[in-house]
Amino acid sequence: MGNRPVRSKQEDVAFVPPGMDLLDGNDGKVYLLKQVKPGSTKNTFWRADPRTNQLESGADYPRHGAVLRGKRIAHPNTGESWLIATHVAQNGGRAGWRYAPKGAAMPFQSKTHTLKEVSVTLS
């Protein structure tokens, strides 16, 4: 599989290449971006890091079914859980991992999506 992590359609498992779990800036966990209700938008735009209110770019925004890596934080104003993303793999991981833009963040729960921690298997 090389650099292409793959998530099983029937199980919530992300396959991650060896060494990927050693990258700086993340908590070693993988989160699946899921739609809350069918028919909602197919993608979700990055939000700015709520601690700094800065986002380098909106490029490579995650689509539903993408897997994200990063670090979970509490929003400084609301206390809600947010992910400061370091990496994104589109299409359930089939497109390979890319760096997320600096400052890219995502709430764990919104009207259109939810982030769910998935198991990691090094392949």
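None of the figures in this text is laboratory data; all of them are computed from the coordinates on show. The structure displayed is predicted, hence computed values, not measured ones. Backbone-built Cβ (ideal geometry, glycine too); neighbour counts: all protein chains shown.
Observations
- In a fully extended conformation the segment linking Y99 and K111 would gain 1.8 nm over its present Cα-Cα distance, using 0.36 nm per residue.
- A full extension of the chain between K71 and F45 corresponds to an added length of 7.6 nm, given 0.36 nm per residue minus the alpha carbon distance.
- If you plug the beta carbon distance of S119 and E80 into 1/(1 + (r/R0)^6) with R0 = 35 Å, you get a FRET efficiency near 0.90.
- Database remark: amide H of N43 closer than 5 angstrom to the amide H of H64 (H placed geometrically; neighbours at sequence offset of 5 or more, or on other chains; Pro and chain starts carry no H).
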